[in-house]
Amino acid sequence: MLGTKGKMTQVFDEKGVVHAATAITATPMVVTQVKSKDADGYEAVQVGTGTRREKNVNGAQKGHLKDLPMVRTFREMPLEGEAKRGDTIDISIFVPGDVVVVSAISKGKGFQGVVKRHGFRGGPRSHGQKNKERAPGSIGGGGRAGGRVVKGMRMAGRMGGDRVTVKNLRVLQVDTETNTILISGAVPGRPGTLVEIRG
């Protein structure tokens with residue numbers, strides 16, 4: 001399922017135990033294309049979600065979505081079972097207790113140092129250390145790796161904005177009237193991020 005991340009809340013189960021939960025709004029998806037081994041070389045299903053005004057859709061996509069709603073986002077997924085163009089998939093495929101995998105783009109944090117980005121401890125806080133508390137330290141030279149900086153050396157740089165996958169999250173509640181699904185724990189991204197839920 002494709003959905004939009006909402007805010008976090010808490011849910012009490014039947015035993016009275018509280019669980020942190022993330023609300024995800026997942027409007028029904030439309031199957032826009034079924035790819036076959038003969039025509040495309042592999043089997044998959046293309047789905048679309050969201051809505052767009054027709055005047056904002058280019059001609060190629062209008063032709064592709066002929067007789068279908070103008071969807072905003074497309075994704076391709078492996079084909080499991082039977083599917084045909086125009087079918088709709090909603091959150092009723094999930095039930096409370098299901099274990100799911102959620103993927104999304106994480107929050108961008110800009111340019112960060114090695115302490116925040118990689119969890120470095122930093123230098124000592126005493127003996128005249130004035131400006132080296134959060135410095136990375138040595139990055140190579142001498143006998144290490146032949147006097148060069150090796151590939152993959154952990155340094156300061158852009159952090160966040162990566163595709164992050166969180167496994168073993170449980171479905172706590174499913175509301176088909178409001179197309180809302182509550183999933184235990186935290187989900188990558190900010191509120192409004194497109195998330196992918198896989199069973």
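Side notes on the structure shown:
- Verdict on Ala83 being in the same structural domain as Ile24 (by TED's automatic domain parsing) and either surrounded by fewer than 12 Cβ atoms within 10 Å (Cβ to Cβ) or in contact with a Lys or Arg (Cβ under 7 Å, 6 or more places away or on another chain) (or both): no
- Test: residue in region 73-94 that is of a type in the set (D, E, K, R), touching a Gly at 6+ places or on another chain (Cβ under 6 Å) and under 21 Å from Thr4 (Cβ atoms): no
- Of residues in region 139-162 being surrounded by 12 or more Cβ atoms within 10 Å (Cβ to Cβ) and free of Cβ contacts under 8 Å to residues at least 12 places away in the same chain, the one nearest to Val114 (Cα to Cα): Val149
- Strands (runs of 3 or more DSSP E) wholly inside region 92-199 that include at least 1 residues being among the acidic types (Asp, Glu): 163-175, 194-198
Okay, residues lined up against (1) within 30 Å of Glu14 (Cβ to Cβ); (2) acidic (Asp, Glu):
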position: Lys55; (1), (2): no, no
position: Glu76; (1), (2): no, yes
position: Leu79; (1), (2): no, no
position: Thr88; (1), (2): no, no
position: Ala104; (1), (2): yes, no
position: Gly113; (1), (2): no, no
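- Looking only at residues in region 103-138 that are exposed (fewer than 12 other Cβ atoms within 10 Å of the Cβ) and hydroxyl-bearing (Ser, Thr, Tyr), the one that is nearest to Gly3 (Cα to Cα) is Ser138.
- Qualifying residue in region 116-129 (condition: at pLDDT 95 or above and basic (Lys, Arg)): yes
- The conditions of being exposed (fewer than 12 other Cβ atoms within 10 Å of the Cβ), out of contact with any His (no Cβ under 8 Å at 6 or more places or on another chain) and not polar (S, T, N, Q) are met by Val95.
- Criterion (surrounded by 10 or more Cβ atoms within 10 Å (Cβ to Cβ), of a type outside the set (Lys, Arg), touching a helix residue (DSSP H, G or I) at 6+ places or on another chain (Cβ under 6 Å) and touching a residue at least 12 places away in the same chain (Cβ under 8 Å)) met by exactly one of Glu43, Glu76: Glu43
- The set of residues in region 98-140 being more than 30 Å from Val195 (Cα to Cα) and among the acidic types (Asp, Glu) consists of Glu133 alone.
The values are calculated or read from the model by the stated rules, or taken from the named source; none is laboratory data. Computed from a predicted structure; not experimentally measured. We place every Cβ from the backbone using ideal geometry, glycine too, and count neighbours over all the protein chains shown.
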